[in-house]
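Here's the structure, in structure tokens; my notes come after.
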Amino acid sequence: MLVRVIAFSLLLGLSARAGTLDDVLARGALVCGVNTGLAGFGLPDNRGEWRGFDIDYCRAVAAAIFDDPQKVRFTPLSGKDRFTALQSGEIDLLSRNTTWTQSREAGQGLLFAGVNYFDGQAFMVRKARNLKSVRDLKGASICVQQGTTTELNLADTFRKLGISAETVVFTGGDEALKAYESGRCDAYTTDGSALYAQRLKLSAPGEHEILGETISKEPFGPVVRQGDDRWFNLVKWTHFALLDAEELGVTAANVERLRQSDTPEIRRLLGADNDFGAGLGLPKDWVVRIVKAVGNYGEIFERNLGQGSPLKIPRGLNAQWRDGGLHYAPPVR
Amino acid sequence: MNRRIALQALLLVIVAALFIAAALNAARNLEARHIPTSFAFLWQTAGFGLNQSVIPFSPLDTYARALLVGVLNTLIVSAVASVLATVVGFAVGFARLSAHWGLSRLAALYVETLRNIPLLLHLLFWYIVLLTPLPQPEQSLSLGGVLLNNRGLYFPFPGLGWPSFDAARNAFNVEGGLRLSPEAAALIFGLTFYTAAYIAEILRAGVQAVPRGQGEAAQALGLSPAQTRRLVVMPQALRVALPPLISQYLALTKNSSLAAFIGFADLMQVSGTILNQTGAALQTIGIDMALYLGLSMLTLALMRRIEKKSDWGAK
Ligand SMILES: N[C@@H](CCC(=O)N[C@@H](CS)C(=O)NCC(=O)O)C(=O)O
């Protein structure tokens, strides 16, 4: 409540100002809205250091601006409060497993800077129940988190299937998960990626399964306010640069060396000859800064969500277009 | 006198003007950012279901009706918890005042511990305590047609029929009857036992505020200790206790807005869902504020009546 009242008062006072980059530079740090705690996407480790896929996106932007991935202040936000925090100017960038939808963009004064993770909503159920599809959940109780597309898809899906179910709606994902685990609900539903992470929190993960059916498209991406094109471009091209770096084989380990590469695409990406950073308000070596700090897209993925993480999520749709995935970044040129 | 009125009127105009200016400014800013500010969304189809409602509600009803369900849920839980908290609080308060050392210490312990634990933890605690031991719907406990399982307590009710579990009809849940959900119960328990700690202290302070001489005088006049308490001490104690007691009821109502943490469909939770669906942040927060204010006014008005009817408040 308090957060919403504060955000409310900020909204009342806000003026349509541009110049987020100037604000960030003056402040000496990027303020990034992130998850309150979701393994793989955004979670403080046991030393209090934030880690995750979305966290690395914040660090990538900070690295591009300051050449220092540590110059980020993280603001943990619930599903419900995240957009108000961005609209009110409390944060510069929202990087929190957030689904790109038409109404969030056009109806809330926001812009998604691209898709950095392609996901879909799925259901977790007890194996012992032997359920095959979502239709089998007729009459069931389903735990879900508030303020998410998940909550909305759930209502739609059951309406479409013409069956009814009880939805129990919680502020936090963890509370919803606990209620499911205690037996209050027959199913727990959220983005497939989050189900991988949340299942590991259960005391007996082996007793639960994720139904193969996905009921929605959940393209996640970083979000900014409308009205500041330069900032929008900076975030968008940070994302594309991460993808282009992967496609061109530029990694954290070889980026310094590749500045001397003969390949024209790599030379352009790393600012070896011409300056592609200026148009974004960044220096020539902006991509070098990014990749040195967090690696390329593939490295970020594998470290936080893929084989280098406990989640072991396959690249699937999130592979590069050449490998049968959906990631296809415009070139730096 | 006239000058005072004129001054106050002027102040009122200034405050109103400030509010209007702020509202206009906000509207302009929101417009510039393409954030909708109309309330028309209230009459659109909600599209979501609510698992606890005292009036009929289906996903085909409007957002306005969903809000009404939320307000009623907040109202009922707050009213029930206020009554229970008063009963428990008075019991603990009297125990605290009792001459029996053990009882008094125990009551003190209750007050000190429960008051110092954040309410959210109370709620989460009760939710787990209620959910953990209860069986799944297939193994519902049943007594005289009343069923109990980890989805709630189901009573037979005219029009809603007898509750029963029939796997052929619904493999997951009991159908029929009137249900009290574990979420509602946990919210009521949490609010009750938390607020009771404060009420106990208010009662104690009230009784202690009555001068000792009063009780001694009453006994000297031949009243029994019970009569002394009922006729002399309590009326005066309650007069002192009433204003802080009212604040507790107001606080309880506002505290009930933590409901969404344990999955109860109160006003805040329902409006949260509406905000999520419509993106109408300002409007829903504005509506929430107005409704909570309205509920507080209602509580106040109710308490004034009680105060007037009884002679506690009499000067
Ligand atoms: N992608 C969806 C859902 C995002 C979401 O909030 N997911 C849950 C999955 S468990 C989460 O991150 N919860 C963590 C929290 O709020 O504590 C959206 O943008 O609405």
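The values are calculated or read from the model by the stated rules, or taken from the named source; none is laboratory data. Owing to the predicted nature of the structure, the values given are computational and were not obtained by experimental measurement. When we count neighbours, we look across all protein chains shown, and the Cβ atoms used for this are built from the backbone with ideal geometry, even at glycine. With ligands, DNA and RNA removed, areas are computed over all heavy atoms of the protein, side chains included. Shrake-Rupley method; radii C 1.70, N 1.55, O 1.52, S 1.80 Å.
Near A:P310, within a Cβ-to-Cβ distance under 14 Å, what is the net charge of the other residues, with Lys and Arg +1 and Asp and Glu -1? Display every interim value, and only then the final one.
Details: positive: A:R51, A:R199, A:K201, A:R303, A:K312; negative: A:D45, A:E302.
Neighbour charge sum, excluding A:P310 itself: +3.
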B:T132 versus A:R230: modelled label distance in nm, points set 7 Å from Cα along the beta carbon direction: 5.7 nm
³J(HN,Hα) computed for each position of region A:81-91 - Karplus, 6.51 cos²θ - 1.76 cosθ + 1.60, integer Hz, glycine/proline x: 8, 4, 6, 4, 4, 6, 4, 7, x, 5, 10
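Just the number please: accessible area per residue for the protein assembly as shown, 1.4 Å probe, all protein chains included, in Å². Walk me through the numbers before you get to the answer.
Values: 29110 Å² over 648 residues.
Here the residues of the protein assembly as shown average 45 Å² of exposed surface.
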Neighbourhood net charge (10 Å Cβ-Cβ; Lys/Arg +1, Asp/Glu -1) for A:E209: +3
Interface residues, region A:130-160 - accessible area loss of 30 Å² or more versus chain alone, probe 1.4 Å: A:K138, A:G139, A:Q146, A:E151, A:L152, A:A155, A:R159
Residue with peak Gaussian network fluctuation, chain B [Cα springs, cutoff 10 Å], from B:T195, B:T132, B:T253: B:T132
Efficiency of FRET between B:T62 and A:S103 - r from beta-carbon atoms, R0 22 angstrom, step 0.05: 0.75
Selected from A:A197, A:A62, A:A128 as most flexible by GNM, with chain A as the system and alpha-carbon contacts under 10 Å: A:A128
Interchain or long-range residues, amide H under 5 Å from A:Q226's placed H: A:L110, A:L111
Anchor A:K132: lysines whose Cα lies under 24 Å away (excluding residues fewer than 8 positions away in-chain): A:K160, A:K178, A:K201, A:K217, A:K312
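Please label the shape of region B:75-220 as rounded, prolate or oblate, based on the square roots a ≥ b ≥ c of the eigenvalues of the alpha-carbon gyration tensor (a/c under 1.5 means rounded; beyond that, a/b larger than b/c means prolate, else oblate).
prolate
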Shape category assigned to region B:17-83 from the gyration tensor of Cα positions, a/c cut at 1.5: oblate
Phi-based couplings in Hz for region B:111-119 (Karplus 6.51, -1.76, 1.60; Gly and Pro marked x): 4, 5, 6, 5, 5, 9, 9, x, 4
Rounded if a/c under 1.5, otherwise prolate or oblate - the protein assembly as shown, Cα gyration tensor axes: prolate
Column: log10 I(q)/I(0), Debye, Cα scatterers of chain A, q = 0.09, 0.11, 0.12, 0.13 Å⁻¹: -0.49, -0.72, -0.85, -0.98
Summed buried accessible surface, chains B and A, 1.4 Å probe, nearest 100 Å²: 4100 Å²
Whole-Hz couplings from phi, Karplus 6.51/-1.76/1.60, listed for region B:95-105; x for Gly and Pro: 4, 4, 7, 5, 6, 6, 4, x, 4, 5, 5
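Carbon and sulfur together cover what percent of the accessible area of the protein assembly as shown at a 1.4 Å probe radius?
After summing per-atom areas, the C and S share lands at 61 percent.
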Amide hydrogen neighbours beyond the local backbone of A:V72, cut-off 5 Å, H modeled: A:L30
Percent antiparallel among DSSP beta bridges (both partners in chain A, rounded to 5): 55 percent
